[in-house]
1. Relative to the longest principal axis of the C-alpha atoms of chain B, give the angle of the C-alpha long axis of helix B:91-113, reported between 0 and 90° and rounded to the nearest 10°.
2. Within the P(r) computed for region B:182-238, what percentage of the Cα pairs occupies the region above 17 Å?
3. Quantify how strongly other chains surround peptide A:123-132 by giving the mean number of their Cβ atoms within 10 Å of each of its Cβ atoms.
4. Other chains' Cβ within 10 Å of B:42-50 residues: what's the mean?
5. Tell me, in nm to one decimal, what length is gained between residue B:203 and residue B:191 on full extension, where the rule is 0.36 nm per residue of separation less the Cα-Cα distance?
6. Calculate the all-directions average of the projected area of region B:69-225's alpha-carbon convex hull, and give it in nm².
7. Using a Förster distance of 22 Å, how high is the FRET efficiency between residue B:161 and residue B:218, based on the Cβ-Cβ distance and rounded to 0.05?
8. At 7 Å along the Cα-to-beta-carbon direction for both residue A:83 and residue B:150, put a label point, then send me their distance in nm to one decimal.
């Protein structure tokens with residue numbers, strides 16, 4: 001497998017149903033004279049998963065026969081939920097995590113459908129969920145609590 | 001201390017000390033959702049602090065990294081504004097501090113993100129979006145408490161009154177060239193929130209400062225004692 005394929009298959013430790021490529025945090029993989037340079041960007045400044053992602057990338061490349069590895073963190077431009085691929089959004093929804101709205105500003109309120117029963121009658125319990133990138137919601141129709149990736 | 005180093009250090013120290021104070025609420029907040037929210041906001045602040053302090057260390061050019069700057073400086077070497085180091089007080093004081101800080105940070109980061117320093121602009125552009133969430137969260141609580149019961153109104157007003165003098169320092173000096181200009185848009189946003197919360201904007205008067213010169217309150221010394229004790233007892237410890 002190419003270095004890019006190996007890195008693109010690494011899963012996010014907090015949202016293991018999607019890969020780092022689907023999440024839009026993989027910004028580039030370059031190979032030069034046997035050295036692989038990977039660029040990643042954090043979802044949030046304080047994302048504690050960054051160290052784990054870095055280690056997972058190095059492990060994946062190492063197992064694939066690439067031993068000279070550099071993982072750089074790239075801040076500009078800042079990650080946005082718009083970078084989550086369509087496939088990533090579909091996987092999030094299928095796993096019961098409501099995906100963020102496309103191109104939504106923080107202040108814009110859009111209908112969030114329950115990922116389980118599909119009802120649009122849902123309410124926000126907290127802007128801040130189990131991880132920095134998710135909010136906590138509840139469906140008023142089926143009463144199921146669920147998480148949603150916050151638009152940023 | 002070079003001007004650039006001092007400027008980035010102040011940004012990093014504001015975020016670091018705010019993170020440490022907010023983290024004190026972990027497992028103590030009035031409800032579980034709020035516990036998670038404050039911890040998440042603390043984490044955002046810590047993330048920004050790490051990026052700013054790493055950059056500050058590079059600007060200084062003496063080989064200090066983020067850990068050296070966070071754990072091995074004494075109180076007189078910190079450059080955060082006094083507002084962020086003040087004790088958390090009751091929940092209203094914590095929310096008041098966050099409201100004043102988050103709106104200030106969002107405006108300051110907005111400016112920096114369009115500034116000439118590309119590294120700083122990258123950090124600020126990222127942190128600005130997070131600050132918008134922090135400001136909104138604090139504003140929602142300010143309105144809920146201010147426009148709530150007699151007791152919550154009384155406490156929120158008392159918090160705003162007690163903290164107001166410390167907000168002046170955020171806009172003083174040339175930490176970011178022309179921070180003074182940010183006070184007007186800050187005041188406009190704060191006034192709108194206070195109005196909706198049926199709270200009275202305090203009159204300007206006493207304006208304590210000194211944080212940007214390393215003159216701090218005793219409260220910072222105690223915060224640092226707790227934050228730094230492990231690293232100082234076991235230098236370089238990891239887990």
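Coordinate-derived values only; no laboratory data. These numbers come from a predicted model, not from an experiment. Neighbour counts run over all protein chains shown; Cβ positions are idealised from the backbone, glycine included.
1. Its long axis makes an angle of about 60 degrees.
2. Values: 1050 of 1596 pairs.
More than 17 Å apart: 66 percent of the Cα pairs in region B:182-238.
3. Numbers: counts 0, 1, 2, 9, 10, 14, 4, 2, 3, 8.
That average works out to 5.
4. 4
5. Gain in length upon complete extension: 3.1 nm.
6. Mean shadow area of the hull around the Cα atoms is 9.4 nm².
7. On the way: r = 21 Å, r/R0 = 0.97.
Using R0 = 22 Å, I get an efficiency of 0.55.
8. The answer from the label model is 5.4 nm.
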